[in-house]
1. Once the other residues with Cβ under 10 Å from the Cβ of Tyr59 are scored (Lys, Arg +1; Asp, Glu -1), what is the net sum?
2. For the stretch 63-79, just list the computed ³J(HN,Hα) in residue order, Karplus coefficients 6.51, -1.76 and 1.60, θ = phi - 60°, integers in Hz, with x standing in for Gly and Pro.
3. I need the phi-derived Karplus couplings for the stretch 44-52: 6.51 cos²θ - 1.76 cosθ + 1.60, θ = phi - 60°, integer Hz, Gly and Pro marked x.
4. If each of Val36 and Ser54 carries a label point 7 Å out from its Cα toward its Cβ, how far apart are those two points in nm?
5. Under a point spin-label approximation (7 Å from Cα along Cα-to-Cβ), what is the Trp77-Gln28 distance to one decimal in nm?
Amino acid sequence: MTTETLARLQARPAGTRRPRQRGQIAAQLFLIAASVLWLLPILFALYIALRPYSETQKYGYVSLPRHLTLTNFADAWNQ
């Protein structure tokens, strides 16, 4: 480190932070949004896989589940 950098670090009171730059905040928000958009289809597929087919057929794909089960996975394994 240079002496100028050390002087700046020592001049700042303890416990204070430098405010984040707008670019860093925008990058963090973009990464969070991209992560959510990437995870949504995976979570939806898991949700559909855990619902009984009869319930999905009766109420549609986008409805609150009455109950979740692992029988679809057992059936797929046995077939």
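1. Values: positive: Arg51, Lys58, Arg66; negative: Glu55.
Its environment carries a net charge of +2.
2. Values, residue by residue: 8, 5, x, 7, 7, 10, 8, 9, 5, 4, 6, 5, 4, 5, 5, 6, 7 Hz.
3. Computed from phi, the couplings for the stretch 44-52 are 5, 5, 5, 4, 5, 5, 7, 8, x Hz.
4. Roughly 3.7 nm, to one decimal.
5. 4.2 nm
Rule-based calculations on the coordinates, nothing more; no lab input. Every value quoted in this text rests on a predicted model; they were computed, and no experiment measured them. Glycine gets a Cβ as well: all are built from the backbone with ideal geometry, and neighbour counts include every protein chain shown.
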